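Accompanying notes for the structure given below.
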Amino acid sequence: MGWERGRYYTGSRKVNGRVVREYVGAGIVGTLAAQLDAEEREQRATEREAARTVRVELAALDQPLDRGQKAESAKLRMPRARV
């Protein structure tokens, strides 16, 4: 989405795999559309950051489990002493 030559606001979307630009509006309509698009972009960025934070936290929780699993696998591979 963007302002074309500062006079009117346009939007882009994909149609059958191709990007198509379409006129949204000028003046107050264009300004409101631009504000709405900015808010939506900010919301998506916030959601991406929250998802990234969750992934990092889950990875941190998995690390001790991974180490424990590797240690257990190593024990299973060790030859047993015959008595």
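A short reminder: the numbers here are calculations on the coordinates, not readings from a lab. None of the values given here were measured: they were computed from a predicted structure. Here Cβ is always computed from backbone atoms with ideal geometry, including for glycine, and neighbour counts include all displayed protein chains.
Mind running the shape call on segment 2-58? Use the C-alpha gyration tensor, a ≥ b ≥ c as the square roots of the eigenvalues: rounded below 1.5 for a/c, prolate if a/b tops b/c, oblate otherwise. List each step's numbers first, then the result.
Numbers: a/c = 4.35, a/b = 1.88, b/c = 2.31.
Oblate is the answer for segment 2-58, as a/c is 1.5 or above yet b/c matches or exceeds a/b.
Quote the FRET efficiency, to the nearest 0.05, computed for Glu39 versus Asp62 with a Förster distance R0 of 30 Å and r equal to the Cβ-Cβ distance.
Step by step, r from the Cβ atoms, then E = 0.30.
Between segment 41-56 and segment 14-35, what's the alpha-carbon centroid distance in Å?
25 Å
Just subtract the alpha-carbon distance of Ala51 and Tyr8 from 0.36 nm times their residue separation and send over the number in nm, one decimal.
Between Ala51 and Tyr8, full extension yields 12.0 nm more.
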